[in-house]
Structure formats: C-alpha cells, structure tokens
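Okay, structure first, notes after.
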Amino acid sequence: MSARIRLKKMGAKRRPCYRIVVMDSRAPRDGRAIEELGYYHPVEAEDKQLVVNVEKVNNWVQKGAVLSDTVRSLLNRQIRTVKS
C-alpha cells in the first residue's frame, strides 16, 4: 500500500471545505481515510483557513507517504506565515 497525503472534499455547494488526510493512493477522493491531519477552508478569513498538525505530517512522510502538490503548496504557505 502506498500512502498519500491529500485533500478530501467536504462541505456544501459553493462553500467547500477540505480535510487533509492520509489515504491509500488508489482510494477515491472522498473514500475512507487512514488518518486526518488537519483541514483547509478556502472561504474563511485568512488566519482561519488552514490548520495542520505538522508533527503528524512529518511522521507520515518519514514512513514513506507522498504529499500531493496541493498539500505541499498549502504547507509551504503555512510555514511562510509562521516564520513571518
């Protein structure tokens, strides 16, 4: 099984929210997740948009999980915000 850290879509029409989850790479987008690592609400205020447990992300990456491009860019954005 190859694990992948990616987004799982939730929410209503025109009001999306996403959960950052660890899933089997062959699972469907909204399928069963192995573990939830955080969430992303693009419609919310800038400071409430992204919440991620970075320790869990690092733990899964050490185990061999691959970040999706979107999750990688979100994590880079959060790290820049924390450093500023």
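Derivation of every value follows stated rules applied to the coordinates shown; laboratory data play no part. Because the structure is a prediction, the values reported are computed rather than measured. Backbone-built Cβ (ideal geometry, glycine too); neighbour counts: all protein chains shown.
Can you tell me which residues in region 62-72 are under 10 Å from the mean Cα position of the chain (by Cα) and surrounded by fewer than 17 Cβ atoms within 10 Å (Cβ to Cβ)? Give the derivation first.
Of all residues in region 62-72, those under 10 Å from the mean Cα position of the chain (by Cα) come to 67-68, 70-72.
Scanning region 62-72 gives Ser68, Thr70, Arg72.
Please tell me if Glu36 is within 9 Å of the chain's Cα centre (by Cα), surrounded by 10 or more Cβ atoms within 10 Å (Cβ to Cβ) and under 28 Å from Arg14 (Cα atoms). For Glu36, the condition - within 9 Å of the chain's Cα centre (by Cα), surrounded by 10 or more Cβ atoms within 10 Å (Cβ to Cβ) and under 28 Å from Arg14 (Cα atoms) - is met. Within the set Met10, Met23, the sole residue that is part of a strand (DSSP E or B) and either over 20 Å from Arg72 (Cβ atoms) or of a type in the set (S, T, N, Q) (or both) turns out to be Met10. Checking the structure you have, find out if any residue of region 39-61 is touching a Lys or Arg at 6+ places or on another chain (Cβ under 7 Å), exposed (fewer than 14 other Cβ atoms within 10 Å of the Cβ) and either among the β-branched types (Val, Ile, Thr) or in a loop (DSSP other than H, G, I, E, B) (or both). Yes; the residues of region 39-61 include at least one that is touching a Lys or Arg at 6+ places or on another chain (Cβ under 7 Å), exposed (fewer than 14 other Cβ atoms within 10 Å of the Cβ) and either among the β-branched types (Val, Ile, Thr) or in a loop (DSSP other than H, G, I, E, B) (or both).
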